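Presented below is the structure to which this report refers.
Please treat every number below as a calculation from the coordinates, not as lab data. This structure is a prediction, so every number in the text was calculated from the model and none was measured. Cβ: placed from backbone, ideal geometry, glycine included. Neighbour counts: every protein chain shown.
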Amino acid sequence: MTFDAATIQMLKTGIWETFYMVFLSSLFAYVIGLPLGIVLVATDNDGIHPMPALQKVLGTVINLLRSVPFLILLFIVLPLSKMVIGTRIGSPAMVIPLTIAAGPYVARVVESSLREIDGGVIEAAKSMGASDWQIIWKVLLPECRPSLLVGGALAVTTILSYSAMAGFVGGGGVGAIAINYGYYRYEAGLMWVSVVLLVVMVQIIQEVGMRMSRKGDKRIR
């Protein structure tokens with residue numbers, strides 16, 4: 001295959017569309033998942049505000065959403081994209097299913113990070129009269145920031161892989177190029193270039209996440 005100006009421009013557009021989908025979906029997934037993860041930990045039996053019934057129901061819903069394969073979830077949620085965005089195809093339409101798929105995953109990542117905190121730190125904050133809200137924002141989140149950043153990098157790379165699969169149902173981005181041109185039109189060269197671009201994106205995201213985590217980890221200063 002000849003990589004002419006039109007092909008290069010198509011790849012540039014695909015890279016932009018991929019980052020567009022991943023950035024917005026990651027942002028919305030954390031808007032949903034971060035509070036859910038905090039609630040899961042805070043309402044546990046040994047949490048700062050025990051509410052076992054709520055914790056169990058919320059955990060069950062999150063597990064159910066996480067158990068649905070992404071491609072199936074795409075077909076289920078695309079009518080919602082049609083209602084909200086006005087179309088089922090293209091990068092904007094994929095943001096909604098990507099967010100719904102990633103939100104529960106982010107919630108579990110946040111929950112795992114928060115559970116790494118030593119209970120003695122929380123008890124010390126309680127003994128000084130800190131409220132539940134103060135414990136969350138001034139103790140829990142600052143203490144687990146490095147772990148949250150590492151988990152964030154993992155979550156974003158997962159969303160990136162989801163965005164590539166969205167190419168099967170009319171989503172944009174590099175994944176759609178790999179599927180529509182590399183797979184369906186037997187353009188092996190273009191498929192491999194698309195795969196390399198996706199791998200490079202993953203490596204960049206992971207490296208940025210790890211660097212930010214190390215910079216914010218007070219234990220290695």
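A compact table of results
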| item | result |
| --- | --- |
| Charge-dipole axis of the range 5-220 as Lys and Arg at +1 and Asp and Glu at -1 on Cβ define it, positive-most pick from Leu98, Leu27, Met10 | Met10 |
| Where only C-alpha atoms are counted, convex hull volume of the range 5-220 per residue in Å³ | 126 Å³ |
| Using a Förster distance of 30 Å, the FRET efficiency for Ile85-Tyr184 (Cβ separation, nearest 0.05) | 0.75 |
| Sites Glu123 and Val202 - FRET efficiency at Förster radius 35 Å, r taken between beta-carbons, to 0.05 | 0.35 |
| Gained length - Asp46 relative to Trp133, 0.36 nm times residue gap less alpha-carbon distance | 29.7 nm |
| Magnitude of the charge dipole, the chain, Cβ model with Lys/Arg +1 and Asp/Glu -1, debye to 20 | 180 debye |
| Computed label-point distance, nm, for sites Trp192 and Glu116 using a 7 Å Cα→Cβ extension | 3.8 nm |
| Lysines whose Cα lies under 25 Å from that of Lys126, excluding same-chain neighbours fewer than 8 positions away | Lys56, Lys138, Lys218 |
| Acute angle (nearest 10 degrees) that the helix 70-84 long axis makes with the longest principal axis of the chain, alpha-carbon atoms | 90 degrees |
| Net charge, Ile179 excluded, C-beta distance under 13 Å - Lys, Arg +1, Asp, Glu -1 | 0 |
| The range 1-137: relative contact order as a whole-number percent, Cα under 8 Å and 6+ apart | 33 percent |
| Additional length obtainable on full extension of the chain from Phe168 to Thr60, 0.36 nm per residue less Cα span | 36.0 nm |
| Net lengthening on full extension, Ile76/Arg211 (0.36 nm per residue, minus Cα-Cα) | 44.9 nm |
